[in-house]
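Novice: Could you have a look at this structure, given as structure tokens, before my questions?
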Amino acid sequence: MAGRWDWLGVIRGRFLVLALTCVALGIAVALQSRALDGAFVADALLVLLGALAAHAAVNALNEYGDYRSGLDLRTERTPFSGGSGTLVAAPQHLGRALGLGLGGVALTAAIGLYFLLRQPALLWQLAPLGAAGLLLVVAYTPWLTRRPWLCLLAPGLGFGPLMVLGTQSVLAGQLSTSAALLALVPFGLCNNLLLLNQFPDIDADRSVGRLTLPMLLGRERAVGVLGAQWLLAFAGLLLFVLAGWVPAGAALGLLGALPALRAWRLLRRDGESPDSLLPAMGLNVAVSVATPLLMAVGMLAF
């Protein structure tokens, strides 16, 4: 029985918490205009299931594609990058990885279609968000990883505007300006999450024809992009709160700037040494996951 479910490692379960925190932010915004009741909770759980399915799908398809291309056999895995190693250890689960990925895409699409049929007035708001999200899931590994600037923006677009706005619009019945502004924060943070995780994989990615931003710009200039995105995310959040464009409680997310600053200093000191890079990658994960959750908690508590 030991190892019976090891094949589920391709969904990288411990990283799915990122989808949960981004959905939590969308829920917090929606609760500004809709009462918390049983119907709201049921809808929120269904939205969360769709978000988790989408995140699991992109992870599984990424593992499938990376093993098929040979990348998994060349990558030096870290606790934060390089995939799960599931298929390297058990290549017989390759078909299951593909099935999980396609099944996640199908489940996400079905949930989105359900909300569209139930709220046809939102067709022109939800349909583009859903279509863009599904396209990102399917196209990320085979296509976007060969286009460095699109590859940079894809994670933030998926977890920021698409996930936060999609959640808020489904639950509140309309898109809000505050949701659009708040979604820009995880947009920048999640871009950085994948960008920094590409640092250890430069040689392996190059060997299979990928072209990522650290390969295009070099590590030093890529660290500059990381710093710029952290700065824009947190300075933008501060501006939105001070201007009264978003609920004041969202300012709790500014606490995420502290580990981001520490990560940036480590990378500026030495972006290649494991002694600097691995702690910075851990801090980067913490920033990306915790900041949307802190924003949501702040909005609900204050």
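Novice: For segment 127-133, take each phi angle, set θ = phi - 60°, evaluate the Karplus expression 6.51 cos²θ - 1.76 cosθ + 1.60, and give the result in whole Hz per residue in order, putting x for glycine and proline.
Specialist: 4, x, 5, x, 5, 5, x
Novice: If you bin every alpha carbon distance in segment 77-204 into 10 Å steps from zero, what whole percent lands in each bin?
Specialist: Calculated P(r), rounded to whole percents: 11, 34, 35, 16, 4.
Novice: Per DSSP H run of at least 4 residues, take -39500 (n - 2.57); add these up for the chain, divide by its residues and hand me the 222 nm value, nearest 500 deg cm²/dmol. Intermediate values should be presented prior to the final figure.
Specialist: Numbers: 14 runs with 208 residues, N = 302.
It lands at -22500 deg cm²/dmol.
Novice: About the Cα centre, and with charges only on the beta carbon of Lys, Arg (+1) and Asp, Glu (-1), how big is the dipole of the chain? Nearest 20 debye, please. Present the calculation step by step, with values, prior to reporting the outcome.
Specialist: Details: 19 positive and 14 negative charges, 34 e Å.
Computed about the Cα centre, the dipole is about 160 debye.
Novice: If you average the alpha carbon positions of segment 112-128 and of segment 42-74, how far apart do those two centres end up, in angstrom?
Specialist: Here the two parts' Cα centres lie 23 Å apart.
Novice: Taking θ as phi - 60°, what are the ³J(HN,Hα) couplings along segment 25-38 by the Karplus curve (6.51, -1.76, 1.60), each to the nearest whole Hz, with x for Gly and Pro?
Specialist: Per residue, the Karplus-derived 3J(HN,Hα) values read 5, x, 5, 4, 5, 4, 6, 6, 10, 9, 6, 7, 9, x Hz.
Novice: Turning to a different aspect of this structure: Within 10 Å, count the other beta carbons around each residue, average over each peptide in 32-43, 110-121, 259-270, 82-93, and list them highest first.
Specialist: Working: 32-43: 12.2, 110-121: 13.8, 259-270: 18.5, 82-93: 17.0.
Result, highest mean Cβ count within 10 Å first: 259-270, 82-93, 110-121, 32-43.
Novice: Apply the Karplus parameterisation 6.51 cos²θ - 1.76 cosθ + 1.60, with θ equal to phi minus 60°, to every residue of segment 238-249 and state each ³J(HN,Hα) to the nearest whole Hz, in sequence, with x for glycine and proline.
Specialist: Calculated HN-Hα couplings, in order: 4, 4, 4, 5, 5, 7, x, 7, 10, x, 4, x Hz.
Novice: Quick one: which residues, 5 or more positions from Ala90 or on another chain, have an amide H under 5 Å from its amide H? H modelled 1.01 Å from N in the peptide plane, none for Pro or chain starts.
Specialist: It is none; the list stays empty.
Novice: For the chain, what is the convex hull volume of its Cα atoms per residue in Å³?
Specialist: On the way: hull volume 39.3 nm³, N = 302.
Normalising the Cα hull of the chain by residue number yields 130 Å³.
Novice: Based on the Kirkwood radius over alpha-carbon pairs, what value in µm²/s does the Stokes-Einstein equation return for the translational diffusion coefficient of segment 195-281 at 10 °C and 1.306 mPa s? Before the final figure, lay out the partial values.
Specialist: Details: Rh = 14.3 Å.
Once the numbers are plugged in, D ends up at 111 µm²/s.
Values quoted throughout were computed directly from the atomic coordinates according to the rules given, and no laboratory measurement underlies them. These numbers were taken from a predicted model, which means no experiment stands behind them. Quick reminder, even Gly has a Cβ in these numbers, built from the backbone with ideal geometry, and neighbours come from all protein chains shown.
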